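The next block holds one structure in the form of structure tokens; read it before the comments.
The values are calculated or read from the model by the stated rules, or taken from the named source; none is laboratory data. What you see is a predicted model; the values in this text were computed from it and never measured. Cβ: placed from backbone, ideal geometry, glycine included. Neighbour counts: every protein chain shown. The accessibility values were calculated without ligands, DNA or RNA, using every heavy atom of the protein model including side chains. Shrake-Rupley method; radii C 1.70, N 1.55, O 1.52, S 1.80 Å.
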Amino acid sequence: MTDEPAHADPRGAVLGAIQKLMAARLGRGFVPLAVLFGLGAVGVFGGPGPGFPLAIGALLSSAAMLAYGMRIVQRAVGAPPSFWWHLALLSSVVPPAYAAYVLGWLGLRGIAVSPFGLVTLGAALLCGLGVWVFRAWIRIVEIERLARIMTMNLDGGQA
């Protein structure tokens, strides 16, 4: 037996599903960003290296992902557009650009410069984290598409 009534509101069910999907994707996307922030913080206080850009980029990417995710949910709910929606849309270039920096510049370039040793293992770790950030971002964009499709006909054909 379930606690839900038999005549559940389809709009409420769809919006609840979109919110839960977005929360789950954002939560999983924050994991590699937290690791990158930690590595950057250690780099800032531990010596030379790309610590500051790594830490700041992780913070900016987290904020951009959160704002973009909130924009998607607000749009699905049918909230009127706000000024911060445009900022969230503009900031949507930050997570993929940061992932490209981590994957390409720090990871792949690190492997090319030093093909053997501990530096290579660190660069491989950065490659993996960069790919993880890319995947997290792509999944958030997929939820945006899914939300548009799911909410398209809930209010008489308006998305």
Put a dot 7 Å past each Cα toward the Cβ at residue 24 and residue 45; how far apart are the dots in nm?
-> 3.6 nm
accessible surface per residue for the chain, probe 1.4 Å, DNA/RNA/ligands not counted, whole Å² -> 60 Å²
For q = 0.11, 0.14, 0.18 Å⁻¹, what log10 I(q)/I(0) does the chain give under the Debye formula with an equal point scatterer on each alpha carbon and no solvent?
-> -0.53, -0.74, -1.02
Mind checking which of 30, 12, 49 is farthest towards the positive end of region 1-139's charge dipole, using Cβ charges of +1 (Lys, Arg) and -1 (Asp, Glu) about the Cα centre?
-> 49
Accessible-area composition of region 76-159, carbon plus sulfur, in percent [1.4 Å probe] | 72 percent
Using the Cα centre as the reference, give the magnitude of the dipole from point charges on the C-beta atoms of region 94-159 (Lys, Arg: +1; Asp, Glu: -1; all else neutral), rounded to the nearest 20 debye.
-> 140 debye
By the Kirkwood definition, with r running over pairs of different Cα atoms, region 11-94 has a hydrodynamic radius in Å of 14.1 Å
Relative to the Cα centre, what is the charge dipole magnitude of the chain, using +1 at the beta carbon of each Lys and Arg, -1 at the beta carbon of each Asp and Glu, and rounding to the nearest 20 debye?
-> 300 debye
